[in-house]
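The values are calculated or read from the model by the stated rules, or taken from the named source; none is laboratory data. What you see is a predicted model; the values in this text were computed from it and never measured. Ideal geometry is used to build each Cβ from the backbone, glycine not excepted, and the neighbour counts take in all protein chains shown. The accessibility values were calculated without ligands, DNA or RNA, using every heavy atom of the protein model including side chains. Shrake-Rupley method; radii C 1.70, N 1.55, O 1.52, S 1.80 Å.
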Amino acid sequence: MTSVHEHSDDMGPDKAGAAGHQYSHGLKLCAVTPRVSPFRPLSSVCKGATHCCVTVRMRVIHGVSIRSRPATQLNSWDASEPGPVPHIRHPWYWSVQHAVRLAAALAGLAVIITYLVIALSRLTYPFTVEWLESNSLVEVHRILSGQPLYPAPTAGYVPDGYPPLYFAMSAAAASVLGVSYLPLRLVSLLSSLACFALLGRLVQRETGSAAAGTAAAGVFAALYFATYTWFDVGRVDSLFLTLSIGGLYAARWMRRTSGAIAAGALLAAAALTKQTGIAEGVLVLAALAAGPRRRLTGVAALTAVTVLGISTLVLGLSSGGWYVYYVFELMSQHPLNHSGFGGFWTHILAAMGIAACAALIGARRAPLVLLAGCGALAIGSYATLVHSGGDVNDLLPAYLAAALLAGLAMGDQRTWWVAAVSGLLVLAQSAWLLSGFHPAQAIPTGADRAAGERFTAGLRALGGTVAIPGDPGLSLLAGMAPAAAHEDAAYDVLRGSGLSAITGFTRSAEHAIATYQYSAIILDSQTPPQGYEPWLSLYYRECPQPLLAGVPAAEFRPLAGVITSRPFSVWLPKGRGSCPATVKILDGSGKEAP
């Protein structure tokens, strides 16, 4: 009687092995063995054979010993007897971990389906679902109309402080679909789905468990309900997350020069979407350089540096240096938000505290490259949140890192209770986030759409040059040119320390107001935006009649993000125009401007 025979067959080192791992000698297994690596089971290549030998390559992980199962766990089998190879009988607790993984995966699928239903329901909504979507629409319009994306700040336009890749991709979609929020949200929606797929595939490839990959993608998708439904809004974040996880995947599994070029290009593309991606590129490439793939690391680094260097040089020169100011200097000029130092951890624990326990388990066994990438994502989130202006979307990279590590723990093939406990934690996290959310809260209603259509019709009827600093995209939707910079982008400049930028904006605002360049100014609160006073009160008067007085307070407001303002009041030049008539026109009950 015999159960297992082993023969050594030197296959040589695998020069393209994963970082932190290398493949040792070949191992010829005769008969049957339940496992040849700590990650994956051996495929049933011997099924139906009376005596089977297969040469496999074993993955050797530094610092981890691979122990074979006790002989009592293998069925006795006589290779000389005919008949199929019997199945290995695993202990009951191996079935437990598989059941937990399956339950977590099903919960993850339910979360992703719920997200997809909400995103599709508001994909074509013609008005903002998030306050800053409006400036993204203006930036896409400027690209399509041939206007510079990064000019000096003025009262008429200030860009968001992000690199151009998301806006360029949205502009490409808008050139086909038209200038509206649809192409911006479509880019974000497709990016988020690609992010889920890449996250799941990375976990599955690391652990051999498709269920663990699905559950990891699902628990990350569940953060949609804890981050003010951010994934599908017309902002840079979802594309950034997709390129970040794509670059990490490519760096982890690159085998040839083409793979190294792809890894460098993806890491550079992430940094060209959101500048915090530079940290990921640096740390991931440093981790790769510490492993056996130094030549490929050099190729990836050269690719990333070339793409970033050339794009920064071209954009900097073509904008007169303003690109460098907006993207690299402005955030560093913002004061620190001391509450953010502890607030980061509070947010993490409140939104993902359960799954974070599984992430800590996964971090202990994660390959160095993945650990470096996750650390870079978390550092980027922390650095952004501790500056004034940081918001919940800045936490998404840290959540992505936690979901990846939790998936690795859940797919652990070495210790059954680690996989089972991690799976239960991920399952509980997904269920908790999903159960506390009502999808109807995130979907605009027909009344929201009707109120917005009446207001934009009123803008068209009013005519002239109307400044809407709280929502400049409304001007575009009404067929008018945006006349005012978004007040949040302007505030970013005014709270910085760049004197030339601050002086340029304030002088531009003073000139526009003092020379009555605006036939009307529509604000979303009683407090004028930064940079408008004291000139606004000197040259304009606030109409006492509120806008949208007949529209319920909950309607025609952004549903994602923190700020949910809507048009509130209108200011007219002193001595000109009629307040009652103007408000009546804007509310949709008038015909033409007085």
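General remarks:
- Percent RCO, i.e. relative contact order, over region 446-587, from Cα pairs under 8 Å lying at least 6 residues apart: 30
- Restricting the trypsin sites (Lys or Arg not before Pro) of region 238-335 to loop positions (DSSP other than H, G, I, E, B) with no more than 14 neighbouring Cβ atoms within 10 Å leaves R255, R256.
- Nitroxide proxy distance, nm - points 7 Å out along Cα→Cβ at R460 and T564: 2.9
- Once the Cβ-Cβ distance of A110 and W417 is raised to the sixth power relative to R0 = 22 Å, the FRET efficiency obtained is 0.30.
- Shape category assigned to region 121-221 from the gyration tensor of Cα positions, a/c cut at 1.5: prolate
- Normalising the average separation of contacting C-alpha pairs (under 8 angstrom, six or more residues apart) by the number of residues puts the relative contact order of region 454-511 at 24 percent.
- Of the listed residues R495, R507, the order by accessible area with a 1.4 Å probe, largest first, is R507, R495.
- Once C-alpha pairs closer than 8 Å and six or more residues apart are averaged by separation and normalised to the residue number of region 91-232, the relative contact order reads 35 percent.
- FRET efficiency, 1/(1 + (r/R0)^6) with R0 30 Å, evaluated for D391 and L360 via beta carbons: 0.70
- Region 441-587: antiparallel DSSP beta bridges as a percent of all, rounded to 5: 75
- Near the amide H of H387, within less than 5 Å, lie the amide hydrogens of N337, all on another chain or at least 5 residues away, with H placed in the peptide plane.
- Region 481-552 and region 101-167 have their alpha-carbon centroids 24 Å apart.
- For V233, no residue has an amide H sitting under 5 Å from its own, ignoring neighbours fewer than 5 places away on the same chain, with H placed 1.01 Å from N.
- Accessible-area order (highest first, 1.4 angstrom probe) of the listed residues H486, H347: H347, H486
- Region 446-587 shape via C-alpha gyration tensor axes, a/c threshold 1.5: oblate
- Accessible area of H141 in the full protein assembly, 1.4 Å probe (Å², nearest 10): 50
- Inter-probe distance in nm under a simple model that places probes 7 Å from Cα toward Cβ, at A172 and S500: 3.3
- C-alpha center-to-center spacing [region 270-311, region 431-446] in angstrom: 39
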